[in-house]
Amino acid sequence: MEINSPQFKLNAKTALGDKQLQGALGHVRENFTGKRAKARAQLPQFDDLRQNARAIKDHVLEHLDVYLELYEQKVLESGGMVHWARDAQEARGIVLDICRKTNAKTVTKGKSMISEEIGLNEFLQDNDIEPIETDLGEYIIQLRGENPSHIIAPAVHLNMDQVREEFRKAHTHLPDNRPLNEPQSLLSEARGILREKFLAADIGITGANFLVAETGTSVIVTNEGNGDLTQTLPRVHVVLASIEKIVPTLEDMAQITRVLARSATGQEITVYTTLSTGPRRKLDVDGPEEYHVILLDNGRSKMLGNEFSQMLRCIRCGACLNHCPVYQAIGGHAYGWVYPGPMGAVLTPNLIGIDKAGHLPNASTFCGRCEAVCPMLIPLPKMMRSWREKEFERHLSPYSQRRGIALWAWMAKRPKIYRFVTSIAARCLSVIGGANKQINRLPMAGGWTAHRALPAPHGATFMALYNRQKGRR
Amino acid sequence: MDPTSTQAPPVQVALFVTCLVDIFRPTIGFASIKLLEDAGCEVHVPKVQTCCGQPAWNSGDRENTLEIAKQVIAAFEEYDYIVAPSGSCAGMIKVHYPELFEKIPDWHERALKLSAKTYEITGFLIDILEVSKVNAKHKAKVSYHDSCAGLRELGISKQPRKLLKSVEGLDLVEMKDCEICCGFGGTFAVKYSDISNSIVSEKTANIVATDPDLLLAGDLGCLMNMAGKLKRQGSKIKVRHVVEVLAGLNDDKPIAGRD
Ligand code: SF4
């Protein structure tokens with residue numbers, strides 16, 4: 001996938017001026033956050049469950065090698081195959097290999113962020129294999145040639161009218177005057193079209209929310225049921241997952257599921273929780289003939305040993321996006337790559353490099369709401385700050401900002417000089433502020449005064465007044 | 001021990017003025033002193049204080065942050081308590097200093113000790129001094145914005161409200177989403193000014209919809225952001241720091257206001 005993160009500021013500006021997008025984002029603000037709050041309020045032990053979920057993942061990450069090996073062994077025992085991919089290119093190569101060996105022409109796909117991360121759809125198309133997204137949101141954005149703007153609600157940036165228009169344009173074999181006013185009618189239409197695709201597909205590719213080591217099972221949680229059809233109908237089922245998706249036991253999986261849906265959509269549990277273990281056995285009534293798992297590293301094993309390891313606890317619930325004032329203002333596309341919002345601000349620089357993703361960890365007010373809602377208790381602001389430190393060390397942060405901080409810090413370390421300079425500054429600003437006590441234009445403060453007045457000081461500094469009046473006002 | 005009892009020596013409190021209050025709004029410093037003294041504390045204002053180091057810390061400049069933090073620790077560690085009229089500066093000392101010195105054992109210990117006795121002012125009055133009311137009158141319809149660091153790092157939410165409810169004549173009305181960020185974020189407001197503007201516009205819309213006479217909060221950065229936006233939008237709503245009202249120091253002009 002093309003990387004647009006360096007143009008973050010421009011992307012954000014465009015997003016802020018996009019009326020349709022702003023309307024759609026209003027939905028995120030109200031809906032997702034409200035539902036999560038309600039779900040949380042209904043479960044008094046929610047915070048204990050978070051601690052628990054965190055402990056499970058921390059344990060896994062400490063022994064990841066052991067659990068990965070166990071998982072591989074169990075997949076093999078159940079008749080499946082495991083492929084290890086160091087990076088996106090290797091993962092794509094493995095998928096293509098499986099397609100070639102099975103003579104596949106069309107591939108149905110359940111929702112998978114790893115597929116986005118490795119840019120799979122484009123690659124398959126270039127190799128004359130047709131990928132068909134079967135999650136409704138993914139299907140819509142595939143029609144539009146877009147990328148997801150949210151990790152659990154890929155088409156959240158669109159409104160109903162836009163979707164309706166897209167369907168009329170794409171589904172030309174259906175009558176022009178059919179009513180498409182209800183969300184339900186859109187869903188039925190997509191289902192009708194996808195049904196044939198499900199039956200015709202040679203391979204079904206899904207992601208995984210969990211990989212269970214004790215049984216070699218991959219688990220997906222969905223609301224539409226498309227994932228089930230994707231993985232049971234075609235001859236071959238390919239699971240695409242990154243290595244940190246491992247949990248030791250089914251019980252652990254169930255534990256984490258309790259915080260996942262509540263944090264994501266406010267549901268107690270998603271409509272479907274689908275477990276698949278190996279290919280079809282003799283007495284099974286359905287299931288694929290071949291079952292493959294592609295385990296992607298793509299920078300994760302490096303994170304295991306650095307200050308970003310806690311990010312590997314992430315279960316992609318999207319709560320940090322939904323509650324982030326910056327995400328709420330600009331949506332997901334502005335972040336310029338696969339993972340938006342606070343989790344993207346930490347993860348993306350790990351995957352594509354801080355030189356390209358430099359804006360992401362900086363574009364945060366550190367309001368802390370992401371960490372407050374994260375079911376896995378990931379200290380997102382702290383890790384964004386770590387990225388800022390790395391940028392500062394490597395002189396990647398803007399020169400003007402570095403100069404400003406250096407000058408200010410030099411004074412802050414010299415209280416006498418600081419007192420002198422701030423007294424003068426306060427006086428000058430006070431004069432500029434005039435009777436209205438506000439400044440509407442000031443050199444070097446354009447970013448502030450473009451949008452709001454700068455309240456002016458009233459004259460002397462506190463320190464000056466305090467010393468002069470011996471503490472009395 | 002009752003910290004306000006006449007037998008015991010008064011609690012020695014050092015006021016961390018904060019750099020914004022020092023330059024932009026001294027009234028907040030004096031209001032803080034009054035509230036602390038009324039509660040029986042002896043208040044000191046260490047002379048070497050400048051800033052807590054947050055601008056450097058949030059810009060990734062660890063070296064400068066360390067040096068500034070050491071200066072703060074050395075200047076303040078001798079007092080019983082350190083109190084700031086700001087959740088974000090108090091949070092910097094209380095939460096971030098220990099984190100900052102994690103790998104420097106002797107300083108880490110000093111940072112932890114300082115951290116344990118550092119408080120945001122309304123939290124200090126309610127939770128430590130167990131003050132239950134203030135001696136102030138203010139006839140106005142007031143709305144309170146929860147600044148992020150105070151709220152999420154220090155749990156400041158009920159304390160200012162409890163004190164405000166004891167102000168005679170004051171009518172506290174809650175606005176929608178009072179716990180959501182105002183878009184200030186220090187240098188964020190300047191570096192990503194378009195996004196910041198969108199966030200603060202959302203905030204002022206909620207403030208205006210509540211129609212208070214006066215907007216209060218516990219952090220001057222956020223207050224300057226919200227006041228600046230309200231003024232630019234032509235709003236008549238006045239803006240002050242919560243301690244000004246609690247201390248009854250309302251003679252100074254409101255933030256960015258003529259009267
Ligand atoms: S970082 Fe936390 S809140 Fe964000 S997606 Fe991951 S688990 Fe969910």
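Each other residue within a Cβ distance under 10 Å of B:Glu120 adds +1 if Lys or Arg and -1 if Asp or Glu, for a net charge of -2.
Contact order, relative form, for chain A: 20 percent (alpha carbon pairs under 8 Å, 6 or more residues apart, mean separation divided by residue count). The mean number of partner chain beta-carbon atoms within 10 angstrom of a residue's beta-carbon across peptide A:263-276 is 0.
Restricting the calculation to Cα atoms, every distinct pair contributes to the Kirkwood radius of region A:345-387, found to be 10.6 Å.
Thinking of region B:85-195 as a set of Cα atoms, what percent of all their pairs are more than 25 Å apart? Here the long-distance tail beyond 25 Å is 36 percent of all Cα pairs in region B:85-195.
Within the listed set B:Ile121, B:Ile195, B:Ile33, the residue fluctuating most in the Gaussian network model of chain B (springs between alpha-carbon atoms under 10 angstrom) is B:Ile195. Of all aspartates and glutamates in the structure, the ones whose alpha carbon falls short of 17 Å from that of A:Lys437, not counting any fewer than 8 places away in one chain, are B:Asp22, B:Asp251, B:Asp252, B:Asp259.
With contributions of -39500 (n - 2.57) from each DSSP H run of at least four residues, the per-residue ellipticity at 222 nm computed over chain B stands at -12000 deg cm²/dmol. Separation of region A:147-181 from region B:144-172 is 46 Å, based on Cα centroids. The long axis of helix A:160-170 is offset from the longest Cα principal axis of chain A by roughly 40 degrees. Among residues other than B:Ile156 with Cβ under 12 Å from its Cβ, the summed charge is -1 (Lys and Arg +1, Asp and Glu -1). Per residue of peptide A:393-406, the mean number of Cβ atoms on other chains within 10 Å of the residue Cβ is 3. In chain B, the convex hull through the Cα atoms has an average projected area of 13.4 nm², a quarter of its surface area.
In straight-distance terms, cross-link reach from B:Lys133 covers every one of the lysines whose alpha-carbon lies under 16 Å from its own, apart from those fewer than eight places away in the same chain; here that gives B:Lys34, B:Lys158, B:Lys162, B:Lys165. Taking K and R as +1 and D and E as -1, what net charge do the other residues with C-beta under 13 Å from the C-beta of A:Leu180 add up to? Its environment carries a net charge of -2. For chain B, the relative contact order works out to 19 percent when only alpha carbon pairs closer than 8 Å and six or more residues apart are counted.
Think of it this way: in chain A, A:Cys99, A:Cys314, A:Cys317, A:Cys324, A:Cys374, A:Cys428 stand alone, with no other Cys Cβ under 4.7 Å.
Spatial offset of region A:58-127 relative to region B:36-78 amounts to 52 Å, using the alpha carbon center of each. Among the residues of B:178-188, the average count of other protein chain beta-carbon atoms within 10 Å of the residue beta-carbon is 5.
Between A:Asn223 and A:Asn52, what's the calculated FRET efficiency when r is the beta-carbon distance and R0 is 22 Å? Round to 0.05. E(calc), rounded to 0.05, equals 0.35. Pairs with C-alpha atoms separated by more than 19 Å, drawn from the list A:Lys9/A:Lys356; A:Lys109/A:Lys302; B:Lys103/B:Lys191, are A:Lys109/A:Lys302; B:Lys103/B:Lys191. Could you tell me what % of all Cα pairs in region B:132-246 have separations over 26 Å? Result for the distance tail: 15 percent. Estimated from the Cβ-Cβ distance and a Förster radius of 35 angstrom, the FRET efficiency linking A:Glu289 and A:His59 is about 0.50. Mean projected area of the convex hull spanned by the Cα atoms of chain A, taken over all viewing directions: 28.0 nm². The mean sequence distance of close C-alpha pairs (under 8 Å, at least 6 residues apart), as a share of the length of region A:400-472, puts its relative contact order at 28 percent. Here the label points at A:Leu43 and A:Glu77, each 7 Å from Cα along the C-beta direction, are separated by 3.0 nm in the simple model.
Within region A:169-317, DSSP assigns beta bridges of which about 40% are antiparallel (rounded to the nearest 5).
Counting every C-alpha pair in region A:268-418, the share spaced more than 23 angstrom apart comes to 52%.
For region B:12-126, the C-alpha radius of gyration sits at 1.00 times the compact-globule guess of 2.2 N^0.38 Å, with N the residue count. Sorted fewest first by neighbouring Cβ atoms within 10 angstrom, A:Cys99, B:Cys51, B:Cys182 come out as A:Cys99, B:Cys51, B:Cys182.
For region A:59-301, the convex hull drawn through the C-alpha positions has a volume of 131 cubic angstrom per residue.
Give the angle, between 0 and 90 degrees and rounded to the nearest 10, that separates the Cα long axis of helix A:183-200 from the longest principal axis of the Cα atoms of chain A. Value to nearest ten degrees: 50. Net length available on complete extension from A:Arg281 to A:Arg394 is 35.2 nm, with 0.36 nm assigned per residue and the Cα-Cα distance removed.
In chain A, helical runs assigned H by DSSP with n ≥ 4 each contribute -39500 (n - 2.57); averaged across all residues and rounded to the nearest 500, the mean residue ellipticity at 222 nm is -15000 deg cm²/dmol.
None of the figures in this text is laboratory data; all of them are computed from the coordinates on show. Since the structure is predicted, the reported quantities are computational estimates derived from the model, not experimental observations. No Cβ is skipped: glycine too gets one built from the backbone with ideal geometry, and neighbour counts run over all protein chains shown.
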